[in-house]
Every structure is written in C-alpha cells, then in structure tokens.
Amino acid sequence: MSLFHLIALLQNYEPLRGVTERLSRGERQTIVDLPEAARPAITAAVAAAHGRRTIVITSRRDRADAVAAALADYLPASIAVERWTPPDALPYEQLPHDTEASIGRVQILDRLLSAPDDAAVLVTPVQALLQLLSPPEAFLAQIREVRTGRRLDIQHFLDWAASVGYQQHPMVQEPGTIARRGGIVDIFPPGSEQPVRIDFFGDEVESIRHFDPHTQRSTERLARIRLAPPVEVPVWRLPEISEDLRRVPTSGLRSEVADEWHRLIEQARQGIVPASVDLFSGYLVPGESTLIDYLPSSALVVIDQPGSVRLALEQTGHQAAELERTFIESGELPAGLARPFASAGGAFRRLAAFATLAIGPAGERDDGAVALDRISDPPLFGGRITDLVADLRGRLEQGWRVAIATDQVDRITDILEEHDIFPRREKPPRSQRRSRRGRWRYDPRT
C-alpha cells in the first residue's frame, strides 16, 4: 500500500512545519495528544523532511514491527525502512548466538558507516540501545577489500576470517561461513545475496565470482569485494580477554558448570567464538559502545511513546539483575562478571546530543510541547457502508479532501459511484512505488 502522497499535505500543515524547522536546528520537540493512527504518518512526514538518517525508538519488538510496516506505507520507495532486531536473549540468559540475526545487524552497521548521509529510517526497540557493539573504528579496521590482480596471502586471509567470526565449513551455503579447496576460497559475507569464490594463482587474486551455492555455478564476475565481519561484537579480541576471564572467581559454581566455564575460557584463548558470546560483551567492549555510536551527528531521533520506552528500559534492567542474582545463587554463573550490556541512563544521556522528536500522549507533555489539534482519529464504520457514504458526502459538502486506502479498490469505487460520489484513482509514479508481496496498490481519492 502506498500512502506517500499524504506526506506533502502533512508537511504543509503549519504547526508540523514549525516542528520540522526547529528539529533542523537541533532542538528537542514533543508532540502530544496525537492519535495512534496518525503517529506513523507524522513520523514519516518529519523523517522525509529531515532528509537524512532517522532512528525511531519503540518500547517493544512487536511495536517496532508495526511501526516499520506503517512507515514503509507512507514513505516513498527512495527512503528505505530498516528494522534492527536485538538478540532474543536477555542479558545473562546465555542462549545460542543467532548467526542470521547477527549478520542482519552487521549489514545495518556497515551501511550506517559507509552511507552516513543516507535518508533511510531505522526502527528499533529500545533494548537495542543496551546491546554492546564493536566500536565503529574497530569495526571499520576489520573490513577487508579483495581485488583481482592484487597479492593476498591465503593463510593470512583465512586467519583474519576466523578471527572475526567466519565459521570454517566444507562447503559454503550460509552467510558467515568460509571454505578452502587448494587455491580456491569460498566465503559468504554479510550483505551479499550469494557467496563469493576467490581464485588464487599463488598469492595473487586471479578472479572473484559470485556463485550459486546449490549448483556451484558462477553467476557474476567481480573486480573487487568488500568483506565485513559477520558478528557485531569484536570477537577478534577473545584471545586478548581470556586472561581477564580466567581471573573471574569460580568458587561458587557447580562442578560441572565450572568445567564448562574453563572450557569456554580455553576456547576464547584459541579465538573460537563461543555459542553464548554475548555473555562476554562486557570484556570485549569495555567502552560501552552501542548503536548510538554508529549514528551520524546529523541523525534525527524519534522516540515513540517516551514513557513506555523508559519503562521498557527499566524493566530490562530489573530482569537482567534478577537473572544475574538467580544464576549466581544457583551456581550457574560466576559472581563479579563484567556487565554485558550498557547502562540505560547512559543511553538516554547520549541520545540528548541529537535532534529528538518525542511522540506521546498528553500525560507526557513537557515544555514547548505541540498539539496538532487538526489531526484526530478517523471514524470507524465496521462494514456499515451506508454510514460510510453519509460521512463522505458530508465531508465533501464541507470542502474536505478525502483519501481512501483500501485493498478493495473496485468494490469501494462501485459502491461510491452508485451514490453519485466519483473518486479519482491515482497510481504513484513508478519511481515512487513500493512493492508488497508482488502487488501494486493504490488509492481512490476524491
């Protein structure tokens, strides 16, 4: 569904234009009393006017999914809507590392650094601001660019891949894996639709090709390939932190847990990424680097329901503290482990450096809050066509301009025309269309 034509109308609404202008000067703005249905539209209008990177922070994962889907309907296809998915595990839960989700996060980090002036919108639940990540400069330092005709020591290349988290496999079929057969190295980097085959002639890169992992046939020749780490934490520091882990007291652990803990330390010493690598984030990322560090200074921060966002952060902190206490008391976790997540207070203090728009109910009003009085909840008809027609006729007689977004364009058009209301169908320009499940949708408007 494409509703991007509504954005220009909202941007010309005087109170909202004032909000946008003040945000462009780096000020903090709050919009209150805004109907739930209007929040994605207002967010999209402000993000499009901003013209640079926007991050939308929500209280929950399901809320982030809903907001991202709605923004994609309102924004033109030229503005990408991305979704950051934080780890499923709460701090200290020690769930297995999700490689696929991790690679998705790495792709976003890479785009944030390589295209800081991009106008894309990133939607994330607030828990993501507590996730510790590789510092941007360390992340960039581990990116490798391989070019045809250049010299590259195969063993050094394989050592680098292992140190940053690529898993050695007999055959490469999934992102984050690497394989070697003689003078051929296959690797599946983040952001690539297909794996890459690098042919060496001695220490010289003879060719680089995309290939189909199922048929093993080459699909495209490349002059160069950019390879990022497949993990968002600096796992190349595992050998370095193994001594710090060894000094953590283990006297309170059950015997079998102590044995497993020492095995994990030995794996870290060898540079082997443990299944629950997030548990060691406090050692791998001592400076509490988070997603906030990857945002360009020109970014716009939109906080959806600030009160709910703060409550979600507090709850996450309480849950983490309770898990840590329970695991220590049961002998499943050593006491004194470095905290594997950032502080909530620190996250909010650092967000204050950005132009920020808070969108919340009246109870979250602050100085300078703006109420967009002419925006209200739409009427609900629940299938009552007669009431719908009567409402439309009344609004048209009062001079309203009405836009109807529907999956049943033909049926609604026929019904309205039977009542002498003749909507105009508009199809967006091809450059502005956004595909959803292979169909173009458009709206009849009067």
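Selection of segment 159-176 for residues being assigned to a helix (DSSP H, G or I) and more than 26 Å from the chain's Cα centre (by Cα) yields ASP159, TRP160.
Filtering segment 131-158 to residues that are within 30 Å of VAL309 (Cβ to Cβ), open to solvent by 10 Å² or more (accessible area, probe 1.4 Å) and in a helix (DSSP H, G or I) leaves PRO136, GLU137, ALA138, LEU140. The C-beta contact set for segment 24-46 (first residue touching a residue at least 40 places away in the same chain (Cβ under 8 Å) and among the acidic types (Asp, Glu), second residue part of a helix (DSSP H, G or I) and open to solvent by 20 Å² or more (accessible area, probe 1.4 Å), distance under 7 angstrom, 6+ apart or interchain) comprises ASP33/ALA362. Residue-level check: of (1) under 18 Å from SER134 (Cα atoms); (2) within 30 Å of the chain's Cα centre (by Cα); (3) of a type outside the set (Val, Ile, Thr); (4) open to solvent by less than 70 Å² (accessible area, probe 1.4 Å), SER242 misses just (2).
Listed here are the residues, each with its yes/no results for (1) in contact (Cβ under 8 Å) with a residue 40 or more places away in the chain; (2) over 23 Å from LEU10 (Cα atoms); (3) touching a strand residue (DSSP E or B) at 6+ places or on another chain (Cβ under 6 Å); (4) open to solvent by less than 50 Å² (accessible area, probe 1.4 Å).
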site: HIS318; (1), (2), (3), (4): no, yes, no, no
site: ALA338; (1), (2), (3), (4): yes, yes, no, yes
site: LEU351; (1), (2), (3), (4): yes, yes, yes, yes
site: ALA355; (1), (2), (3), (4): yes, no, yes, yes
site: ILE359; (1), (2), (3), (4): yes, no, yes, yes
site: VAL370; (1), (2), (3), (4): yes, no, yes, yes
site: ARG401; (1), (2), (3), (4): yes, no, no, no
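The single condition among (1) modelled with pLDDT under 95; (2) open to solvent by 60 Å² or more (accessible area, probe 1.4 Å); (3) more than 26 Å from PHE348 (Cβ to Cβ) that ASP118 does not meet is (3). Among the residues of segment 175-190, is there at least one that is within 21 Å of TRP236 (Cα to Cα), without any contact (Cβ under 8 Å) to a residue 24 or more places away in the chain and touching a Leu at 6+ places or on another chain (Cβ under 9 Å)? So far as segment 175-190 goes, yes, one or more of its residues are within 21 Å of TRP236 (Cα to Cα), without any contact (Cβ under 8 Å) to a residue 24 or more places away in the chain and touching a Leu at 6+ places or on another chain (Cβ under 9 Å).
Would you confirm, using the coordinates I've provided, whether VAL56 is farther than 30 Å from GLU260 by Cβ, open to solvent by less than 10 Å² (accessible area, probe 1.4 Å), touching a residue at least 12 places away in the same chain (Cβ under 8 Å) and not in a helix (DSSP H, G or I)? Answer is yes for this residue.
Residues being closer than 28 Å to VAL46 by Cβ, over 13 Å from the mean Cα position of the chain (by Cα), assigned to a loop (DSSP other than H, G, I, E, B) and not small (Gly, Ala, Ser): count how many of those fall in segment 75-117. Going through segment 75-117 one residue at a time, the tally reaches 5.
Can you say whether SER255 is without any contact (Cβ under 8 Å) to a residue 12 or more places away in the chain and more than 31 Å from the chain's Cα centre (by Cα), as far as the supplied structure shows? Considered against the rule, which asks whether it is without any contact (Cβ under 8 Å) to a residue 12 or more places away in the chain and more than 31 Å from the chain's Cα centre (by Cα), SER255 comes out as yes. Number of residues in segment 253-294 that are open to solvent by 40 Å² or more (accessible area, probe 1.4 Å), in a loop (DSSP other than H, G, I, E, B) and not hydrophobic (A, V, I, L, M, F, W, C): the value is 5.
The values are calculated or read from the model by the stated rules, or taken from the named source; none is laboratory data. Quantities reported herein were computed from a predicted structural model and do not represent experimental measurements. Every residue, glycine among them, receives a Cβ derived from its backbone with ideal geometry; neighbour counts consider all protein chains shown. Heavy atoms of the whole protein, side chains included, go into the accessibility calculation; ligands, DNA and RNA do not. Shrake-Rupley method; radii C 1.70, N 1.55, O 1.52, S 1.80 Å.
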